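Participant: Below is the structure I would like to discuss, written out as structure tokens.
The values are calculated or read from the model by the stated rules, or taken from the named source; none is laboratory data. A quick note: this is a predicted structure, and the numbers were derived from the prediction, not measured. Every residue, glycine among them, receives a Cβ derived from its backbone with ideal geometry; neighbour counts consider all protein chains shown. For the accessible areas, the whole protein counts, side chains as well, though only heavy atoms, and no ligand, DNA or RNA atoms are used. Shrake-Rupley method; radii C 1.70, N 1.55, O 1.52, S 1.80 Å.
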Amino acid sequence: MGSDPWQADVTLLKDRGAVLDSRFRVHGVSGLRIVDASVFPYIPGYFIVTPIFMVSEKAADVLLADSKEYPQELAAEETRAIMLRRSIEAGSTPAEAAARSAADAAAAAVSICGNAPGLPADTVGLALSGGGVRSATFCLGVLQALAKRDRLRHIDFLSTVSGGGYIGAFLADSIRGSRASTIRSVEFAIS
């Protein structure tokens, strides 16, 4: 990665060793970006995954900033999905909840990108990390503690990786397979 802005003609680069610009675009190739360990000119220490996570987060920000429609469409859909889930959890039928969530999402006052409706101010996310079976066991304990306190139903987003993914998949499948179609029955089952 070099300091030159993107160039279609690589012979115009001041930094002859640069393959990418600071926005992860490959010099000389239109429409191609690279986001992996190859962005580093030297291996950054022994535990390379942390710098790769940081570069990936930066790249996600860059890609979203470069896109005009994607963040707005995603924000609107996320808001609608949250409102739908919350309406069903409050006791509405799926049809009633769909109508209410569309109206609530359209009326959302918070705006996070342009004129798109924003996420509710009380949006909650849960990240379950990885590490294999041991972290899956730990994450199950976290879910059980949240369930005992009736807090699972307040989680709007779930992010998982590795061992956390095992438990995240379990939770998602439990919610989808719940006869009561609410998280309350899942909370009762795992608490």
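Participant: For residue 32, what accessible area in Å² do you get when you roll a 1.4 Å probe over the heavy atoms of the protein chains, rounding to the nearest 10?
Facilitator: Looks like 80 Å² after rounding.
Participant: Using a 1.4 angstrom probe and counting only protein chains, how large is the accessible area of residue 77 in Å², to 10?
Facilitator: For residue 77, solvent-accessible area is about 90 Å².
Participant: Using a Förster radius of 25 Å, what is the FRET efficiency between residue 98 and residue 73 based on their Cβ-Cβ separation? Nearest 0.05, please.
Facilitator: With R0 = 25 Å, the Cβ-Cβ based efficiency is 0.85.
Participant: Calculate the all-directions average of the projected area of the chain's alpha-carbon convex hull, and give it in nm².
Facilitator: So the Cα hull casts an average projection of 14.1 nm².
Participant: Mind telling me which of 143, 13, 171 comes out most flexible in a GNM of the chain, alpha-carbon contacts under 10 Å?
Facilitator: 13
Participant: Within the accessible area of the chain, what % is carbon and sulfur when the probe is 1.4 Å and the other protein chains stay in place?
Facilitator: Carbon plus sulfur share of accessible area: 60 percent.
Participant: Can you work out the FRET efficiency for the pair residue 176 and residue 48, with r the C-beta to C-beta distance and R0 = 35 Å, to the nearest 0.05?
Facilitator: Between residue 176 and residue 48 the formula returns 0.45.
Participant: With every protein chain present, what is the per residue accessible area of region 1-76 (1.4 Å probe, Å²)?
Facilitator: 71 Å²
Participant: Pick from 123, 160, 11: which residue has the top mean-square fluctuation in a GNM of the chain where Cα pairs under 10 Å get a spring?
Facilitator: 11
Participant: Quick check: net charge around residue 37, other residues with Cβ under 15 Å of its Cβ, Lys/Arg +1 and Asp/Glu -1?
Facilitator: Details: positive: 33, 58; negative: 36, 57.
Spelling it out: positives minus negatives among the neighbours equals 0.
Participant: In addition: Suppose every K and R has +1 on its Cβ and every D and E has -1 on its Cβ; what is the size of the dipole of the chain about the Cα centre, in Debye to the nearest 20? Don't skip to the end; give the middle numbers.
Facilitator: Values: 19 positive and 20 negative charges, 118 e Å.
Dipole of the chain, to the nearest 20 debye: 560 debye.
Participant: Hey, another quick one. To the nearest 10 square angstrom, how much accessible area does residue 161 have with a 1.4 angstrom probe?
Facilitator: Roll a 1.4 Å probe over it and residue 161 shows about 80 Å².
Participant: Just to be sure I understand: with springs between alpha-carbon atoms less than 10 Å apart, which residue in 30, 56, 174 has the highest mean-square fluctuation in the Gaussian network model of the chain?
Facilitator: Comparing 30, 56, 174 in a Gaussian network model of the chain, the most mobile one is 30.
Participant: To continue, here is another question. Give, in nm to one decimal, the length gained when the segment between residue 145 and residue 189 is fully stretched (0.36 nm per residue of separation minus the Cα-Cα distance).
Facilitator: 14.6 nm
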